[in-house]
Amino acid sequence: MRDHADRDVVLVTLDSCRYDTAVQAVTPNLDRLGPLLQAETSGTFTLPAHVAFFSGMTPRPLDGEHDLAGQQYRSIWRSTAARPSTAATAVPFTGPMLMDHYSRSGFKVIGAGGVTFFDPKEPGNWLPSLFDTFYYFGRTNATAADTRVRYREESLTLAHPEILADDARAAKRFFLFINCPSTHIPYTTPNTRLTNRTRALLERLYRLHDSKQVTPDAFAPDEVASLHSMQVRALEWADQQLGILFDRLADREPLVVLCADHGEEFGDDGRYGHGHPHPSVTTVPLWSGILRQEQP
Ligand SMILES: [Zn+2]
């Protein structure tokens, strides 16, 4: 039995993806990893969620455990330096951060980001500095607020699966982290194009995101359904692109953990966006498993 600590790693965060979005979406590539799990995240927005993940505390399955090659684990990673535990852990490590652990173990540590917390040019950002190599394809925070509702393709991390996979494959061992903004507002992808109606809906939604106020009935049920449907289709586009990545990496049989960093409120109890400790934000989709080559 191969030690999971020796496996290459692919850690993917689907930014803002609700659990019920993953239930509705058709995701044949994600399903290669194993069943969709309902999980609980430690952060309500991108920064604290990723700090927890990078410390080894990825979302906890609410019902059930991680299944890796037929073995059950309560957690994938756990730093045992300060908090010894008897819970079954696939890859125990010492030290504060996964990237430091894998780097010291001889892995090439590669990251790619799409939302602005990962923009290395922003002086307040430090997450990209944790990686040996970091790719940022997203917009800069300096973008005027009124251009946030826009069509996206090249700015999406998963528009570039070949670049990321080839960089990883070139290393003897790799830890590859990818933050995917396709499921983050404005949910636009080549699979989710803007119409006059959805553009107007998204402009209203951005204002509600910004206000963080409780605003009951700000959208009619069919308008909420349209916005939710855009996130579902954005996830299906991410699945298609992850299929390209997986095909290039499957022969390495990496350990893959794929989850949302947090969810998104679509008027749940009157609020929109994320950053609030509401179950629609703290409950996230999770897949984990060993990626293997598909049988012909
Ligand atoms: Zn996020």
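Would you point out which residue out of Asp269, Asp261, Asp251 is touching a residue at least 24 places away in the same chain (Cβ under 8 Å) and within 16 Å of the ligand (Cβ to nearest atom)?
Going through Asp269, Asp261, Asp251 in turn, the sole match is Asp261.
For the range 48-94, give me each residue that is surrounded by 15 or more Cβ atoms within 10 Å (Cβ to Cβ) and in a loop (DSSP other than H, G, I, E, B).
Listed by number, the residues that qualify are Ser55, Gly56, Met57, Thr58, Pro59, Glu65, Arg74.
Out of (1) within 16 Å of the ligand (Cβ to nearest atom); (2) out of contact with any Ser or Thr (no Cβ under 8 Å at 6 or more places or on another chain), what's the single condition that is false for Arg193?
It is condition (1) that Arg193 fails.
Spot the failing condition for Ala218; the list is (1) more than 15 Å from the ligand (Cβ to nearest atom); (2) surrounded by 13 or more Cβ atoms within 10 Å (Cβ to Cβ); (3) modelled with pLDDT of 95 or more, and only one is missed.
Checking Ala218 against (1) more than 15 Å from the ligand (Cβ to nearest atom); (2) surrounded by 13 or more Cβ atoms within 10 Å (Cβ to Cβ); (3) modelled with pLDDT of 95 or more, the one that fails is (3).
Can you say whether Tyr136 is away from the ligand (no atom under 16 Å from the Cβ), in contact (Cβ under 8 Å) with a residue 24 or more places away in the chain, closer than 20 Å to Val12 by Cα and touching a strand residue (DSSP E or B) at 6+ places or on another chain (Cβ under 8 Å), as far as the supplied structure shows?
It is false that Tyr136 is away from the ligand (no atom under 16 Å from the Cβ), in contact (Cβ under 8 Å) with a residue 24 or more places away in the chain, closer than 20 Å to Val12 by Cα and touching a strand residue (DSSP E or B) at 6+ places or on another chain (Cβ under 8 Å).
Is there a residue being open to solvent by 10 Å² or more (accessible area, probe 1.4 Å), assigned to a helix (DSSP H, G or I) and either among the charged types (D, E, K, R) or at pLDDT 95 or above (or both) anywhere in the range 170-193?
The answer is no, given that none of the residues of the range 170-193 is open to solvent by 10 Å² or more (accessible area, probe 1.4 Å), assigned to a helix (DSSP H, G or I) and either among the charged types (D, E, K, R) or at pLDDT 95 or above (or both).
More than 22 Å from the chain's Cα centre (by Cα) and modelled with pLDDT of 95 or more: is that true of Ala225 in this structure?
The answer is yes for Ala225.
Do you know which residues across the range 153-172 are within 14 Å of Arg139 (Cβ to Cβ) and in contact (Cβ under 8 Å) with a residue 24 or more places away in the chain?
Glu153, Ser155, Leu156, Thr157, Ala159
Which residue is surrounded by the fewest Cβ atoms within 10 Å (Cβ to Cβ), if the candidates are limited to the range 13-45 and must be in a helix (DSSP H, G or I) and within 16 Å of the ligand (Cβ to nearest atom)?
Only one residue fits best here, namely Tyr19.
Could you tell me whether any residue of the range 221-238 is over 20 Å from Leu202 (Cβ atoms) and more than 16 Å from the ligand (Cβ to nearest atom)?
Looking for residues that are over 20 Å from Leu202 (Cβ atoms) and more than 16 Å from the ligand (Cβ to nearest atom), one finds none in the range 221-238, hence no.
Right, Val10: more than 16 Å from the ligand (Cβ to nearest atom), open to solvent by less than 50 Å² (accessible area, probe 1.4 Å) and outside any loop (DSSP other than H, G, I, E, B) or not?
The answer is yes for Val10.
If you go through the range 260-296, how many residues are open to solvent by 40 Å² or more (accessible area, probe 1.4 Å) and under 29 Å from Pro221 (Cα atoms)?
The number of residues fulfilling the criteria is 4.
Would the range 251-259 turn up any residue that is at negative phi, modelled with pLDDT of 95 or more, open to solvent by 10 Å² or more (accessible area, probe 1.4 Å) and not aliphatic (A, V, I, L, M)?
Within the range 251-259, one or more residues are at negative phi, modelled with pLDDT of 95 or more, open to solvent by 10 Å² or more (accessible area, probe 1.4 Å) and not aliphatic (A, V, I, L, M).
Residue check: is Thr198 assigned to a loop (DSSP other than H, G, I, E, B), in contact (Cβ under 8 Å) with a residue 24 or more places away in the chain and either open to solvent by less than 40 Å² (accessible area, probe 1.4 Å) or away from the ligand (no atom under 16 Å from the Cβ) (or both)?
So Thr198 does not fit the description; no.
Please verify whether the range 84-103 includes one or more residues that are within 16 Å of the ligand (Cβ to nearest atom), in contact (Cβ under 8 Å) with a residue 60 or more places away in the chain, among the aliphatic types (A, V, I, L, M) and touching a His at 6+ places or on another chain (Cβ under 9 Å).
No, there is no match, as no residue in the range 84-103 is within 16 Å of the ligand (Cβ to nearest atom), in contact (Cβ under 8 Å) with a residue 60 or more places away in the chain, among the aliphatic types (A, V, I, L, M) and touching a His at 6+ places or on another chain (Cβ under 9 Å).
Within the range 110-123, is even one residue hydrophobic (A, V, I, L, M, F, W, C), buried (at least 21 other Cβ atoms within 10 Å of the Cβ) and in a loop (DSSP other than H, G, I, E, B)?
Yes, the range 110-123 contains a residue that is hydrophobic (A, V, I, L, M, F, W, C), buried (at least 21 other Cβ atoms within 10 Å of the Cβ) and in a loop (DSSP other than H, G, I, E, B).
The values are calculated or read from the model by the stated rules, or taken from the named source; none is laboratory data. A quick note: this is a predicted structure, and the numbers were derived from the prediction, not measured. Using ideal geometry, Cβ is built from the backbone for each residue, glycine included, and neighbour counts are taken over all protein chains shown. To get the accessible areas, we keep the full protein, side chains included, count just its heavy atoms, and leave off ligands, DNA and RNA. Shrake-Rupley method; radii C 1.70, N 1.55, O 1.52, S 1.80 Å.
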